[in-house]
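*Asks:* Pasting in a structure now, in C-alpha cells, and then I'll have a few things to ask.
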Amino acid sequence: MHPTATRHVFAMAIAAATFLFLLAPRGRAEGACVDEVEYDVTSNLQITDTPLGEGNGTFAVGPGRVILRFDGAGVKMAKYAMREHVTVTAKNIGFRTTVVSDTSTTATPNACGSVAEGTLEGSTIRWQTPVRGMRTDGTITCSGSFCGKFGAPPRGQSSFHDGPLDIRFSSFSLSPDRKTFTMPMTQVWVREQRAWRCLAGHAGPRASGRIEA
C-alpha cells in the first residue's frame, strides 16, 4: 500500500462505513405521505493491506445517527453522523506501535436538507446519489516505534481532517417493520494525481453498489 493510503487507513477514514447495524428507530409523521425515522447506528470498520498485515482487523465504531424520510417510493437521507474511537496496534519483530483515532464523521445537506436521495424497492433502499460532503474530523494519537514511518501518523497527538468527499453507499436492506436495516460493505476510492486510491474497505466485485476503481 502507498504510504499516503496507509496513513489514511491508520487515521480511520471512516467514510468507508461497513456493515451498518441500525437500532431503536425514533419516528414521527410529517404529513399524510411523509414519514421521518431516526435510527441509532453502529458500524464495523474493516482495515486491510497494512504493512505485513499487522494493522489489519475489524473494529466496531459508533454510536451514530441516520435520519430517513420516506415519501412513497422516494427516500431522502436527512442526516448521517458517526463517532469513531478506534485503537489499532501493530507488532513487528518485537516492536509495537499503537494508533488511537478519535474522530466524528458527518454529511453535509443540500439546500433542501437532504444528504442523499434514493428509491424504495420493496424492502431495499437503492441510493441514486452519493452521500454528500462527508467530513471526518478529530484527533489521531500515535505511540511506539514506527510513528512517523511506513505511513503511520507522527508521534503524539495530531489533528485529523479529511474531506469533504461524496461517498456512494451500498443499498440499505430494511426489516419488514422498518425498525432496523443493514448495509453491506462500502468502499471509498479517491481520485489523486490521475490515479484512484482506496482509503479503506474490502475488495469486492463490480456489483451491488460497491465502489470499484
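*Asks:* Regarding residue 108, is this residue at pLDDT 95 or above and under 25 Å from residue 86 (Cα atoms)? Don't jump to the end; show me each part of the working.
*Replies:* Values: at pLDDT 95 or above: yes; under 25 Å from residue 86 (Cα atoms): yes.
The answer is yes for residue 108.
*Asks:* Determine the pairs where a residue that is of a type in the set (A, V, I, L, M, F, W, C), located within the stretch 152-176, has a partner that is at pLDDT 90 or above and in a loop (DSSP other than H, G, I, E, B) with Cβ atoms under 8 Å apart, the partner being 6 or more residues away or on another chain.
*Replies:* 167/130; 169/130; 174/123
*Asks:* Same structure again: Taking the conditions exactly as written (at pLDDT 85 or above and either buried (at least 16 other Cβ atoms within 10 Å of the Cβ) or not aromatic (Phe, Trp, Tyr) (or both)), does residue 72 satisfy them or not? Please lay out each step first, then the result.
*Replies:* Values: at pLDDT 85 or above: yes; either buried (at least 16 other Cβ atoms within 10 Å of the Cβ) or not aromatic (Phe, Trp, Tyr) (or both): yes.
Judged against the criteria, residue 72 is a match.
*Asks:* All but one of (1) among the small types (Gly, Ala, Ser); (2) part of a strand (DSSP E or B); (3) under 23 Å from the mean Cα position of the chain (by Cα) hold for residue 143; which doesn't?
*Replies:* Unmet condition: (3).
*Asks:* Across the stretch 146-177, what is the number of residues that are in a strand (DSSP E or B) and farther than 30 Å from residue 92 by Cβ?
*Replies:* First, pick out the residues of the stretch 146-177 that are in a strand (DSSP E or B): 156-167, 172-174.
From what is left, the residues that are farther than 30 Å from residue 92 by Cβ are 163-167, 172-174.
Result for the stretch 146-177: 8.
*Asks:* Next question. Out of the residues in the stretch 25-58 that are at pLDDT below 65 and of a type in the set (Gly, Ala, Ser), which is surrounded by the most Cβ atoms within 10 Å (Cβ to Cβ)?
*Replies:* Among residues in the stretch 25-58 that are at pLDDT below 65 and of a type in the set (Gly, Ala, Ser), the one surrounded by the most Cβ atoms within 10 Å (Cβ to Cβ) is 27.
*Asks:* Hey, residue 129 hits all of (1) surrounded by 17 or more Cβ atoms within 10 Å (Cβ to Cβ); (2) not in a strand (DSSP E or B) but one; which does it fall short on?
*Replies:* (1)
*Asks:* Here is a follow-up. Would you check which residues across the stretch 93-113 are assigned to a strand (DSSP E or B) and surrounded by 14 or more Cβ atoms within 10 Å (Cβ to Cβ) and list them?
*Replies:* Step one: of the stretch 93-113, the residues assigned to a strand (DSSP E or B) are 95-106.
The answer is 97, 98, 99, 100, 101, 102, 103, 104, 105, 106.
*Asks:* Here's a follow-up. Can you name the number of the only condition in (1) out of contact with any Leu (no Cβ under 8 Å at 6 or more places or on another chain); (2) modelled with pLDDT of 50 or more that residue 7 fails?
*Replies:* Status for residue 7: all satisfied but (2).
The values are calculated or read from the model by the stated rules, or taken from the named source; none is laboratory data. As the structure is a prediction and not an experimental result, all values here were calculated from the model. Cβ: placed from backbone, ideal geometry, glycine included. Neighbour counts: every protein chain shown.
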